[in-house]
Amino acid sequence: MSETSPKLRAELDGIPTYKPGKPAATGGPVAYKLSSNENPYPPLPGVMESVIAGAHAFNRYPDMACTGLMAELADRFGVPLTHLSTGTGSVGVAQSLLQATSGPGDEVIYAWRSFEAYPIITQISGATSVQVPLTAGDVHDLDAMAEAITDRTRLIFVCNPNNPTGTAVRRAELERFLGRVPADVLVVLDEAYREFVRDADVPDGIEIYRDRPNVCVLRTFSKAYGLAGLRVGFAIAHEPVAAALRKTALPFGVSQLAQDAAVASLRAEDALLGRVGALVAERGRVCDSLRKQGWTVPDTQANFVWLRLGERTLEFAAVCEAAGVVVRPFPGEGARVTIGECEANDLFVHTAGTFRKDL
Ligand code: PMP
């Protein structure tokens, strides 16, 4: 066999690999997965019925234009159909956004630490990542991000609330920041966790986007709606951004199963609100308990909490795993822990309390 391999793009060298949250162990007495910000609830009412009803047509391609889902989204969010684009999870839409805006020589700005897909998809696009450290309080440093803009900047991610810290930027600071961003730079408000926000000063990106042609909002059905396994997300953006997104989207990237489940989920709003409310209440309970134990927990507006453990992060993750809860460690920095079912949260709080006593 020849030693020569097909030529691959140099940009792929050194790309960090996406680390999915570790699955819960099997075989032990208890095992809870709190490592991927998933929703602990089963699909919303009506979802199973809808996907089962569509199962007879798996020999067919899905509706490529996602007509039914797009109509439902346009109605729900009060946006024109032409401002919508769907994709294979919101990470799929984010990748399409990069494809539509950025390439070699261009710069993409985002806070760090933030969603781990940003460096990966930016590097794949050939553009250069410009990572702006979070403030000491683990919040986006929007002034520093504005100062990092150059004439090469094409796209800026603002992850609100931020994964993995849960912290959110507020209306006044975001508006001030947007006022400093040139009109030809796209700002992507990644609102994967929007439904969990309770701070009234944290703006709804859809209100922010309305009169700003360079703002795009990303949302997903993976978190609050509990459809992570079906891979469906969407963007709301003005033209020509939304039109460009529809061009760069992977053809047939959203299965019919996912489209039908998303529509059924949107129609189950009461149940959705109930579940999100319960998770938000659990979040409050977990944060209060951790703070009483002496932990510093940044104010989280998402379905997870962040513990800055520094060098003890991996040790903490191992202790949690041994106790039956799998968390998401970022070695040397901290651990992100999803709010799950009550028993899982109890077990996590108990384990964190024991660990704390040994610190
Ligand atoms: N954005 C953020 C901030 C996330 O945390 C995630 C999921 N971890 C996503 C986007 C992607 O979600 P999905 O592709 O499942 O829609």
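The values are calculated or read from the model by the stated rules, or taken from the named source; none is laboratory data. Just so it is clear, the model here is predicted, and its values are computed rather than measured. Neighbour counts are summed over all protein chains in view; Cβ atoms, including those assigned to glycine, are modelled from backbone coordinates with ideal geometry.
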Problem set entry | Evaluation of MET48 against (1) of a type in the set (A, V, I, L, M, F, W, C); (2) over 19 Å from ALA268 (Cβ atoms); (3) free of Cβ contacts under 8 Å to residues at least 40 places away in the same chain (one fails), failing number | (2)
Seminar exercise, completed: Considering residues that are more than 16 Å from the ligand (Cβ to nearest atom) and surrounded by 19 or more Cβ atoms within 10 Å (Cβ to Cβ), the number found within the stretch 187-205 is 1
Seminar exercise, completed: Within the stretch 44-73, residues being under 15 Å from SER255 (Cβ atoms), assigned to a loop (DSSP other than H, G, I, E, B) and not aliphatic (A, V, I, L, M) number 7
Exercise. Can you tell which of GLY334, GLY284 is surrounded by 19 or more Cβ atoms within 10 Å (Cβ to Cβ) and either aliphatic (A, V, I, L, M) or over 13 Å from LEU34 (Cα atoms) (or both)?
Worked result: GLY334
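Name the residues in the stretch 92-115 that are within 14 Å of the ligand (Cβ to nearest atom) and surrounded by fewer than 19 Cβ atoms within 10 Å (Cβ to Cβ), would you?
TRP112 - this is the single residue of the stretch 92-115 that is within 14 Å of the ligand (Cβ to nearest atom) and surrounded by fewer than 19 Cβ atoms within 10 Å (Cβ to Cβ).
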For this session: Can you confirm whether the stretch 242-263 contains a residue that is in contact with a His (Cβ under 8 Å, 6 or more places away or on another chain) and buried (at least 16 other Cβ atoms within 10 Å of the Cβ)?
Result: yes
Exercise. Are there any pairs with C-beta distances below 6 angstrom linking a residue in the stretch 148-175 that is farther than 26 Å from VAL286 by Cβ and assigned to a loop (DSSP other than H, G, I, E, B) to a residue that is at pLDDT 95 or above and not aromatic (Phe, Trp, Tyr), with the two at least 6 apart or on different chains, and if so which?
Worked result: ALA148/ILE109; ALA148/VAL130; ALA148/VAL132; ARG152/ASP106; ARG152/GLU107
Problem set entry | Cross-chain or 6+ apart pairs with Cβ under 9 Å, the stretch 1-24 first and over 22 Å from THR128 (Cβ atoms), then at pLDDT below 85 and not in a helix (DSSP H, G or I) | ALA24/VAL30
